[in-house]
Amino acid sequence: MNDLIPKKQIELPEKYSTKIADMKDHDIYLAEEFISTSPYISYIEAPSAPYALSFEQTRETLIDVEKYKHFIENAIYRFRKSRAYKGYKSYLIMMGMDRCQVLGNINNEMADIEMHHNFLTIYDIAILISQHILNTIGRITSYDLIALLIQEHRDNNIPLVMLSKTMHQQIHSNNDLYIPLSMTFGNWPNLLIKYRYGITLDTAYKCIKYISKCQQNNELNGSEYFQLKETIESWGRYNTYANNYVNTAYGNNMYGNGAYVDIG
C-alpha cells in the first residue's frame, strides 16, 4: 500500500461527458447538498497498477451492465442496513402504519411488518436517482446514492405500503397483484418530477401502467393524471433517445411549452 500515490482532482475529459442536461437548465435538481458540481473527479494511482482508481462512477465506468448492477445492489444493501432506514420504518409505525395494509387484522405485535415499495421497487428508485445524477452532474458515488435514497424517504416522496412478511413475499412473486393508490403512502409524483432526467422508458411504462390501473378502479379522475402519464412518457423518451422536445411539468423552458401538472 505504500506505493499508492494520492492524485489531485482532475477534470473529467469532455469526450467522457455524456450528460443530456446542462446545469443551467430550468429548475434542475443537482443534489448539491451531497454532490459537488465541480467538473473535477478524484482518483488514486499506484505506480505498479495499470490504471488509476476513481472515487466517482461515471457513464464510462458504469458502461458494463454487471458493474452497474453491482453498484446499485451495493448501495441498496447499505441503505437497508443503515440506521436511517430502520429509523424511517419506526417513524411510519409511530404514525399509525403499524399493521398490514392488505390483511388489516395483522399488526406489528403479531407479525413482522415490512416496507413495500409499491409499483416502483427500490431498484427502480435507485436507478431513477443514479441516472438523473449521471445525466446532470456526470458522476456519482455509492455514498451519494445512499444519501439521496435516505433523503427521499425522509421527504416522504417514496410510494410505500406496509405489509406483513408473508404478504410482502406474495406481492413480489406475482407482478399482477395490485395495491390501490389509497393504500400507498408518499408523494411519488414529486419524486418523478424531481428526478425527471433519470426516468427511463421502463420506469415510465411501470408508472403509466399503475396510473392506468388506478383510473380503471376509479381512484384517479382528475385530468392532471392524464397529463402526468404523458409527461412521464415524454421524459422517458427524451432520456432514452435525446428528443428535442419534452412535455415537462414546468411550463415554458428550453424545450418548449410543456403542460403544467399540479399534483397537489
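Working only within the range 93-123, note down all residues that are in a loop (DSSP other than H, G, I, E, B) and among the hydrophobic types (A, V, I, L, M, F, W, C). Matches in the range 93-123: Met95, Met97, Cys100, Val102, Leu103, Ile106, Met110, Ala111, Phe119, Leu120. Considering the range 230-245, and only residues there that are under 21 Å from the mean Cα position of the chain (by Cα) and surrounded by fewer than 19 Cβ atoms within 10 Å (Cβ to Cβ), the residue that is modelled with the lowest pLDDT turns out to be Ala242.
Residues being farther than 23 Å from Ala204 by Cβ, buried (at least 16 other Cβ atoms within 10 Å of the Cβ) and of a type in the set (Phe, Trp, Tyr) are entirely absent from the range 116-138.
Only residues that are over 29 Å from Met162 (Cα atoms), of a type in the set (Gly, Ala, Ser) and outside any loop (DSSP other than H, G, I, E, B) were counted across the range 45-92, and they come to 1. The condition (being in a helix (DSSP H, G or I) and closer than 14 Å to His116 by Cβ) is satisfied by just one residue among Tyr197, Tyr205, Tyr210, Tyr178: Tyr210.
The values are calculated or read from the model by the stated rules, or taken from the named source; none is laboratory data. Because the structure is predicted, anything quoted here is derived from the model rather than measured. Heads up, the Cβs are rebuilt from the backbone with ideal geometry, glycines too, and the neighbour counts pull from every protein chain shown.
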